[in-house]
Amino acid sequence: MSQATDPATLEQILAAAADAAGTAAAATPAQRAGWLNAAADALDASADELIALANQETHLPAAPRLQGELKRTTFQLRLFGEVLADGSFLGATVDHADAAWPMGPRPDIRRLLTPIGPVLVFAASNFPFAFSVAGGDTASALAAGCPVVLKAHSGHPELSARTGEILRDALVEAGAPEGIFAVIHGQQNGVTALKDPRVQAASFTGSVPGGRALFDIATSRPSPIPFYGELGSVNPVVVTRSAIDARGEAIAKAYAGSFTLGAGQFCTKPGLLFLPEGHGLEDTLREAVSAIPAQPMLNERIAAGFADGLAKLSDVEGVEVLSESGGAEGISHGATLLATTAKDFLADGDTVREECFGPASLIVTYTDQAELISLLGVMEPGLTATIQGEESDVDWIRPVLPSLTRVAGRLLWNDWPTGVTVTWAQEHGGPYPATTAPTSTSVGTAAIERFLRPIAWQGFPDALLPEPLQENNPWDLPRRTDGKR
């Protein structure tokens, strides 16, 4: 196991990141794209070594899970290269001087997004590639032109160290400055780095208690910084009666597969299933869940936390265990499906409404649309909300949508939330406690916006303006000029 980074090395890393910030910010989009593509190539070339390490430390299967996750990781590095080539991420805006401007003469003023500075990234436990060392937070921060200090997760320290070596070497060999990237180990070092005035933003994926503690540190610094935390999420699924009549058995089987995927250790796991009373899917659900074998969880701490959370949920009055599979042995757990009524759900308090991280989910039956809206009204926000419905349900669903948009950053129609594609339109966020920054996303190309800040340049001579704002637009960027694109 990797040892905690010693204080002297931590200081060197933070100083190097601060020193690299100017050079990284001054690099052209094409140069940064070259860095990211080189990093992706290097990780792909080391796939066998990295996947073996990840399998050893996380107990996740090499194929197809870890193979697919590494491909996702290198894909998103390259996708941010496309974002850089597109150039619209800079939000370049030019307003020429206008003596006839309706609110009085307007000066020449030009606006551009610029890198925020060194970023501290806290890696996640459940995605050792895609949300870890070379994951989306790192990729988007590097694309923005920000050096990254990566706090490795204790669940896969050797993988983190090796991935960090490969990533850093590839970036520097491609022309990035020496302090562009480094990995640190140790919980206290993460806190120390978060408090350091050279760090200008931070991101985190993990638990509500851990994320909230770090958020409080980030915002209580003498100079507070943005903290982009992805925390807890229950992710409700609403099923209409028409959908049950049309394809109830298929929905039940797909739901069982979704909430147990990866041993239920996805932040987008559907933790609540709202079914109409008299749905008649009990036997199908029991059979689907009972057929799912026990799966190893990421580590002993997470397995113990799941067992504790499941025990508390099972003990709530009005909650019954509908189906179980596989039992528990060591860090392996089977699936558990529980059920309750709308009346009990409304009366039972926080336990039935909180995330239980692992292969468990809760069914809640509702009588009508009004009761469903009442149920959604007491839920904490999360990352996703799903509707399984039919086209004939449009008028019935429309009044429910405001309740769903209140609690989620991504809405799904006849799909399952455990697939989060990396693309231009993706939104992976939501109101607290899903995230600490509901106006942002941690997946998709818009993630780059978290690590940029705007600067307006008023009255400057052309020679002193950044290239994207100069009159002849030397980078040939998409721009808004005098209100027109």
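The values are calculated or read from the model by the stated rules, or taken from the named source; none is laboratory data. A quick note: this is a predicted structure, and the numbers were derived from the prediction, not measured. Here Cβ is always computed from backbone atoms with ideal geometry, including for glycine, and neighbour counts include all displayed protein chains. Just so you know, the surface numbers come from the protein's heavy atoms only, side chains and all, with ligands and any DNA or RNA stripped out. Shrake-Rupley method; radii C 1.70, N 1.55, O 1.52, S 1.80 Å.
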Search result, residues across segment 424-473 that are without any contact (Cβ under 8 Å) to a residue 60 or more places away in the chain, closer than 28 Å to residue 406 by Cβ and not hydrophobic (A, V, I, L, M, F, W, C): 426, 427, 431, 438, 439, 441, 444
Options 337, 310; residue that is touching a strand residue (DSSP E or B) at 6+ places or on another chain (Cβ under 7 Å), under 18 Å from residue 254 (Cα atoms), open to solvent by less than 60 Å² (accessible area, probe 1.4 Å) and not hydroxyl-bearing (Ser, Thr, Tyr): 337
Looking only at segment 251-281, and only at residues there that are within 25 Å of residue 373 (Cα to Cα) and in a helix (DSSP H, G or I), the one that is most open to solvent (accessible area, probe 1.4 Å): 254
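Let me confirm something: among 67, 56, 3, which residue is closer than 30 Å to residue 301 by Cα and not in a helix (DSSP H, G or I)? First the steps, then the outcome.
Values: 67 fails: not in a helix (DSSP H, G or I); 56 fails: not in a helix (DSSP H, G or I).
The conditions single out 3.
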Total residues in segment 31-60, condition under 12 Å from residue 158 (Cα atoms) and hydroxyl-bearing (Ser, Thr, Tyr): 1
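Taking only segment 452-463 into account, find how many residues are closer than 21 Å to residue 98 by Cα and not in a loop (DSSP other than H, G, I, E, B). It would help to see each step written out before you state the result.
The first filter runs over segment 452-463 and keeps only residues closer than 21 Å to residue 98 by Cα, leaving 455-463.
Adding the requirement that they be not in a loop (DSSP other than H, G, I, E, B) leaves 455-458, 462-463.
Count: 6.
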When residues of segment 464-473 are limited to those that are aliphatic (A, V, I, L, M) and part of a helix (DSSP H, G or I), the one most open to solvent (accessible area, probe 1.4 Å): 464
Close pairs from segment 358-385: first farther than 23 Å from residue 312 by Cβ, partner open to solvent by 10 Å² or more (accessible area, probe 1.4 Å), Cβ under 6 Å, at least 6 apart: 367/277; 373/403; 384/408; 384/410; 385/408; 385/411
Unmet requirement for residue 321, which otherwise passes all of (1) buried (at least 17 other Cβ atoms within 10 Å of the Cβ); (2) not in a helix (DSSP H, G or I): (1)
Complete set of residues in segment 426-449 that are surrounded by fewer than 22 Cβ atoms within 10 Å (Cβ to Cβ) and more than 17 Å from residue 206 (Cα to Cα): 426, 427, 439, 446, 449
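Report, by residue number, each residue of segment 342-360 that is more than 22 Å from residue 434 (Cβ to Cβ) and surrounded by fewer than 17 Cβ atoms within 10 Å (Cβ to Cβ). Working first, answer last.
Of all residues in segment 342-360, those more than 22 Å from residue 434 (Cβ to Cβ) come to 342-344, 347.
If the condition is that a residue be more than 22 Å from residue 434 (Cβ to Cβ) and surrounded by fewer than 17 Cβ atoms within 10 Å (Cβ to Cβ), then 343, 347 are the ones that fit.
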Some residue of segment 7-15 being farther than 30 Å from residue 461 by Cα, crowded, with 20+ Cβ neighbours inside 10 Å, among the small types (Gly, Ala, Ser) and modelled with pLDDT of 95 or more: no
Candidate set from segment 154-180 (those that are on the phi < 0 side of the Ramachandran plot and part of a loop (DSSP other than H, G, I, E, B)); member that is surrounded by the fewest Cβ atoms within 10 Å (Cβ to Cβ): 154
Any pair with Cβ under 6 angstrom, 6 or more apart, that starts in segment 90-116 at a residue that is among the basic types (Lys, Arg) and ends at one that is open to solvent by 30 Å² or more (accessible area, probe 1.4 Å) and at pLDDT 95 or above: 106/98; 110/457; 111/93; 111/454; 111/456
Pair list, Cβ under 9 Å, 6 or more apart: segment 303-314 residue over 16 Å from residue 207 (Cβ atoms), other residue part of a helix (DSSP H, G or I) and open to solvent by 20 Å² or more (accessible area, probe 1.4 Å): 313/351
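Please verify whether residue 330 is under 21 Å from residue 252 (Cα atoms), in contact (Cβ under 8 Å) with a residue 24 or more places away in the chain, out of contact with any Phe, Trp or Tyr (no Cβ under 7 Å at 6 or more places or on another chain) and of a type in the set (Gly, Ala, Ser), treating the condition exactly as stated.
no
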Helices (runs of 4 or more DSSP H) wholly inside segment 349-451 containing at least 3 residues that are among the small types (Gly, Ala, Ser): 369-377
Complete set of residues in segment 282-307 that are under 25 Å from residue 128 (Cα atoms), assigned to a helix (DSSP H, G or I) and open to solvent by 80 Å² or more (accessible area, probe 1.4 Å): 300, 301
Considering residues of segment 119-153 that are buried (at least 24 other Cβ atoms within 10 Å of the Cβ) and hydroxyl-bearing (Ser, Thr, Tyr) only, the residue nearest to residue 298 (Cα to Cα): 132
Among residues of segment 442-482, those that are of a type in the set (A, V, I, L, M) and either modelled with pLDDT under 95 or within 20 Å of the chain's Cα centre (by Cα) (or both), counted: 6
Yes/no for residue 110 being open to solvent by 10 Å² or more (accessible area, probe 1.4 Å), farther than 30 Å from residue 483 by Cβ and among the charged types (D, E, K, R): no
